[in-house]
1. Rounded to a whole number, what % of the accessible area of region 67-142 do carbon and sulfur atoms account for, probe 1.4 Å?
2. Share of region 171-323's accessible area from carbon and sulfur, percent, 1.4 Å?
3. Considering only the other residues whose Cβ falls under 14 Å of the Cβ of THR121, what net charge follows from Lys and Arg at +1 and Asp and Glu at -1?
4. Along the charge dipole of the chain, pointing to its positive end and built from +1/-1 on Cβ of Lys, Arg, Asp and Glu, which listed residue (THR71, ALA284, PHE99) has its Cα farthest out?
5. What accessible area, in Å² to the nearest ten, does a 1.4 Å probe give for HIS62?
6. Which percentage, to the nearest 5, of the DSSP beta bridges contained in the chain is antiparallel?
7. Taking H placed 1.01 Å from N in the peptide plane, check which residues at least 5 places from PHE209 or on another chain put their amide H under 5 Å from its amide H.
8. Give me the net charge for the shell around ALA32: Cβ to Cβ below 15 angstrom, other residues only, Lys and Arg +1, Asp and Glu -1.
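The values are calculated or read from the model by the stated rules, or taken from the named source; none is laboratory data. In this text the structure is predicted, and so the values were computed from the model without any measurement. Quick reminder, even Gly has a Cβ in these numbers, built from the backbone with ideal geometry, and neighbours come from all protein chains shown. Remember, those area values only see protein heavy atoms, side chains included, never the ligands or the DNA or RNA. Shrake-Rupley method; radii C 1.70, N 1.55, O 1.52, S 1.80 Å.
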Amino acid sequence: MDIFALHKELAAVFGPSGMEADIALAVKERLAGAADEVTTDTLGNLTARIRGKGKKVMFSAHMDTFGLIVTYIDKDGFARFATLGGAEPDYLLGARVVFADGTRAAVCADGSYNRKEPRLTDMYIDTGANAQSVKVGDAAVYGGEAVTQGGALISPHIDNRACCAALIAASRAVARPKNDLYFVFTAQAELGMRGAKTAAYALEPDVAFSVDVTDAGDTPGCKPKTQVKLGGGAAVKLMDDSVICHPDAVAYLVSQAEKLGIAAQRELLAGKGTDAGAIHVSRAGVPTGGISLPARHIHSPNEICRISDIEDCVRLIIAAADI
Ligand SMILES: [Zn+2]
């Protein structure tokens, strides 16, 4: 399976937090033939089950992306916005965005904008002529196209469509699993892992793995410093702001990575959470680990990762299914 082509298709599908219907359908189409059953739930999570007789193993990759939501439109058609998920204002300024109906726009700064203290409230969305097709509550996402060069992937929404691609590729590779597998494509992760919370409660898994991006620390002047770098292989999560991963899950992932010849970079993500945070405290607690894709410039219009690291994530997901 061409993981770049799969990511490119998924990254082009509209699906900010709370508006995951289109991306859920796109994922479902690509799971055809691989899953024994595919279901959706109230919050919009999509779950593909591949039956096995062993443990109930849950994998989650959130399918929602960072987005902007229109809060106010002035008489000239310029739209003010809030964000669906967190982002640096620097990342937004000058970005091209696209609404669900295909309307394109640019994110711009007004006269109050202070480069030293950039604020979202000093920014607006400009659709060019007017915003007649845009109304309060409409959302927009980064509108760039995924490209690859020299083994790198430059694309909006690597968070977390590259991990959705990895989960789809893995689910297509595990034909007769030992364990009872649930591949969950969660909703509303960018707003605080809301989909993962209800999905984990409903599934009551024996063990779970969240698959998401993590900040690479290999850029100039990167703070806080992290050991994780692009091209270093799939990373094994130790903790982030939402979870301390279960030692058994960590040990299993590290041992499997070593068997596969993956460097298994150890990952501690500061200031951010993942689906693992919601899953591990579900009901009486779920032993939870995290498989992380190193990425740069997360929530910017141009996130960057390595194709080989996505492929390592696929191999590690397949190995983790046998826990
Ligand atoms: Zn994410």
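1. 48
2. Details: 3270 of 6210 Å².
Heavy-atom surface of region 171-323 belonging to carbon and sulfur, 1.4 Å probe: 53 percent.
3. Details: positive: ARG80, ARG119; negative: ASP74, ASP110, GLU117, ASP122.
For residues surrounding THR121, the net value is -2.
4. ALA284
5. It works out to around 10 Å².
6. Percent antiparallel among DSSP bridges in the chain is about 60.
7. Long-range HN contacts for PHE209: MET58, PHE59, SER60, GLY289.
8. Every neighbour counted, the sum reads 0.
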